[in-house]
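First the structure, in the form of structure tokens, and then the observations on it.
The values are calculated or read from the model by the stated rules, or taken from the named source; none is laboratory data. What you are looking at is a predicted structure, and each value in this text was computed from that prediction instead of being measured. We place every Cβ from the backbone using ideal geometry, glycine too, and count neighbours over all the protein chains shown.
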Amino acid sequence: MSRFTERRNSKAGMYGSWLRCVAIWVFVVLWYDANAEDLLPGGVTGTVYCGSDSSWKEWTALPHALVVVRWAETDSLGEDQSIATVTLTESGMIPRFQVIAPGDPLRIISRRSKVARIIARAENGQRLFNIALPLPGLEVEKVLQSSGIVRLYDLELSPERELAYIVVLPNAGWALADSAGSFLIPGIPPGCREIWCFEPSLGSAVDSVCIEPARATQVRLYLPRIRRGLNN
């Protein structure tokens, strides 16, 4: 074999090895991209409706309802502890809804010019705490350990009224429906999840939704005019 033939064979071998490396690299990149998408969080979007079970034609969009999606602890995205804040104003409490995990702190801040007295009750009516904030700018933190809906009442109003609702749930994403009943909840781990909606005057309803990775799943939620508990 001549030296020219040896050099040509050597170069062909080098080019062949280089092409194999490129092909392997392209395959790995494509495989990673295809599988990485399955690990990306998804979302859910849709509209909340309310009406009577006896007349489905009369169902209308329900504004300002709370929508919550729950998932298993094993699917958790590893979120850090969060603090929910409720501010007492001269006319009430804002925001109306908050969602926190059990063990996360609830911060209550007074912006009132007079004393504020707040009582918190669980779904079964049990009193969880009773606080007084005599001066504006004062704040207090409470930790809620049990899942459920905690109602905050203003004792300075007559009659006593529910003004804020703290939903205590682990591994949950949430949103408040807008004036047209529409909502969007991002950052949900893919899989079949429980979706729950709540409006104080109507109660709550539970359904299920299958979340696809890296996209928002479209749903419609129907809240009958029948009271249901969070755990029903």
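Tell me, which strands (runs of 3 or more DSSP E) wholly within the range 140-227 include 3 or more residues that are under 19 Å from R121 (Cβ atoms) and of a type outside the set (S, T, N, Q)?
Fully inside the range 140-227 and qualifying: 148-154, 161-168.
Please tell me if G125 is in the same structural domain as T87 (by TED's automatic domain parsing), surrounded by fewer than 13 Cβ atoms within 10 Å (Cβ to Cβ) and not polar (S, T, N, Q).
yes
Can you tell me which of E156, E199, E141, E194 is of a type in the set (D, E) and touching a Ser or Thr at 6+ places or on another chain (Cβ under 7 Å)?
Answer to the selection: E194.
If you scan the range 124-149, which residues turn out to be touching a residue at least 40 places away in the same chain (Cβ under 8 Å) and closer than 19 Å to V206 by Cβ?
Scanning the range 124-149 gives S146, S147, G148, I149.
Can you tell me which residue in the range 42-79 is modelled with the lowest pLDDT, limited to those that are assigned to a loop (DSSP other than H, G, I, E, B) and of a type in the set (A, V, I, L, M, F, W, C)?
L77
Scan the range 80-96 for residues that are in a strand (DSSP E or B) and either touching a Phe, Trp or Tyr at 6+ places or on another chain (Cβ under 6 Å) or surrounded by fewer than 16 Cβ atoms within 10 Å (Cβ to Cβ) (or both) and jot them down.
Selection gives T85, I94.
Give the range 97-116 a look and list any residue that's modelled with pLDDT under 90 and either assigned to a strand (DSSP E or B) or touching a strand residue (DSSP E or B) at 6+ places or on another chain (Cβ under 7 Å) (or both), or say none.
Passing the criteria: R112, V115, A116.
Inspect the range 119-139 for any residue being aliphatic (A, V, I, L, M) and closer than 26 Å to T45 by Cβ and give the result as yes or no.
no
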